[in-house]
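Below: the structure, in C-alpha cells.
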Amino acid sequence: MKINEITCKTGLSASRLPGLDYALNPYRGCEHNCVYCYAPSVLNEKRKWGSFVDVKRNLPNVLAKELKRKEKGRVGIGTVTDAYQPVERKYEITRRCLEVLLKHNFPVCIQTKSSLILRDVDILKKFSEKEAGFTITAIDDEARKYEPSSSSVEERLNALRILEENSIRTWVFIGPIIPYITEKDIDKLIENIAEAGVKKVIVDRLNLKPGVWKKIKTFLSEYYPELIPNYENVLFTKNDYFENLENKIRMICGEYSIKCEKAF
Ligand code: SF4
C-alpha cells in the first residue's frame with residue numbers, strides 16, 4: 001500500500017446526495033478495496049484501486065478556514081472513500097476534522113465499514129445532530145472476501161450497538177446487494193440489525209459502473225465460479241431479482257419495525 005501525504009486546496013464540496021449539503025473526504029483511495037467499488041470511476045482515478053491512499057494532511061486547517069464563511073449545513077463524511085479506513089488510525093485526519101466541525105456545530109453524517117469510528121465516540125456524542133451508518137451486505141463473514149480490509153460483520157454490529165448506546169443515531173446500508181450472497185440468511189442479518197438497536201435500513205443494487213463487472217467476475221472465478229452464469233442472468237437480462245429481494249428485505253424489516261428505504 002502506497003501512502004502519499006498530499007495537501008488540498010479545498011475541503012468541503014457541495015453534495016448531491018439526499019439529506020447532505022456538503023461532502024468531506026479526508027482520503028483519496030481506499031484500503032478496503034471492495035470488489036464492487038465504483039469510486040475510481042466517480043473520481044476518474046487511473047491508479048490501481050486498493051494500492052494507494054492519498055492523505056490530505058492539511059484538511060483540518062483548510063476546513064477550519066472554510067467553516068468561518070460557509071453557511072451551516074449537513075456534512076457527509078466519507079461520501080466517496082471510507083474516512084475510517086486503516087490509515088486513519090495513524091493520521092487522525094477524520095478525528096481532527098470532527099473537532100473542527102464540532103466547534104462550529106455543523107451536523108455530521110458518517111458512512112463506514114470500520115469499527116475504528118468507535119475511537120471518536122467521545123467527539124461524536126457532543127454534536128447536537130449526528131448519525132452514522134454501517135454498510136453490511138451479508139451476515140456471515142462472506143463480506144470479508146469482497147471487502148478485504150474492513151471490520152468483520154460482528155465488529156460492525158457491535159459498533160452499531162455502542163453508537164446507539166451513546167445516542168448516535170445509526171442506520172445500515174445493505175448495499176450493494178451481492179446476488180446470491182446477500183440473500184443467504186437475510187432474516188438473520190435483519191434480526192441482528194434490530195438487536196443492535198438500528199431503526200433504519202437503506203437498500204441498494206449493484207451498480208455496474210465501468211470496470212466493476214470485470215472485478216466481480218474475477219472475484220467470482222476465485223470463490224464462486226458456479227455463480228457466474230446466474231450473475232450474467234441477473235445483471236444483463238431483464239428480470240426481477242433485485243426487486244424481489246428488496247421486497248423481501250422490506251417485509252422482514254417491517255416485522256422488526258425498521259424503516260426500509262431504497263438508495264436514491
Ligand atoms: S469502502 Fe467504499 S470507497 Fe472503500 S473500497 Fe469499499 S466501496 Fe470503495
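The values are calculated or read from the model by the stated rules, or taken from the named source; none is laboratory data. Here the structure is a predicted model, which means the values were calculated and not measured. All Cβ positions, glycine included, derive from the backbone under ideal geometry; neighbour counts span all protein chains shown.
Okay, here's what the table says:
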item: Selection from the stretch 33-56 of residues that are within 10 Å of the ligand (Cβ to nearest atom), closer than 24 Å to Glu131 by Cβ and either touching a Gly at 6+ places or on another chain (Cβ under 8 Å) or at pLDDT 95 or above (or both); result: Cys34, Tyr36, Cys37, Tyr38, Ala39
item: Residues that are more than 16 Å from the ligand (Cβ to nearest atom) and in contact with a strand residue (DSSP E or B) (Cβ under 9 Å, 6 or more places away or on another chain), drawn from the stretch 67-90; result: Lys70, Gly73, Arg74, Val75, Lys90
item: Qualifying positions in the stretch 224-238 - surrounded by 14 or more Cβ atoms within 10 Å (Cβ to Cβ) and in contact with a helix residue (DSSP H, G or I) (Cβ under 6 Å, 6 or more places away or on another chain); result: Leu227, Val234
item: Test: residue in the stretch 7-26 that is β-branched (Val, Ile, Thr), within 16 Å of the ligand (Cβ to nearest atom) and at pLDDT 95 or above; result: no
item: Lone unmet requirement of (1) more than 24 Å from Val212 (Cβ to Cβ); (2) surrounded by 16 or more Cβ atoms within 10 Å (Cβ to Cβ); (3) out of contact with any Leu (no Cβ under 9 Å at 6 or more places or on another chain) for Asp122; result: (2)
item: Given (1) within 19 Å of Asn33 (Cα to Cα); (2) in contact with a Pro (Cβ under 9 Å, 6 or more places away or on another chain), number of the condition Asp82 does not satisfy; result: (2)
item: Lys72 vs. criteria in contact with a Lys or Arg (Cβ under 9 Å, 6 or more places away or on another chain) and either basic (Lys, Arg) or at pLDDT below 95 (or both); result: no
item: Whichever residue in the stretch 8-61 is under 18 Å from the mean Cα position of the chain (by Cα) and β-branched (Val, Ile, Thr) and, among such residues, is surrounded by the most Cβ atoms within 10 Å (Cβ to Cβ); result: Val53
item: Top-ranked residue of the stretch 91-114 - restricted to ones that are within 13 Å of the ligand (Cβ to nearest atom) and surrounded by 24 or more Cβ atoms within 10 Å (Cβ to Cβ), ranked as nearest to the chain's Cα centre (by Cα); result: Thr112
item: Considering residues of the stretch 129-161 that are of a type outside the set (Ser, Thr, Tyr) and in a strand (DSSP E or B) only, the residue farthest from Asn192 (Cα to Cα); result: Lys130
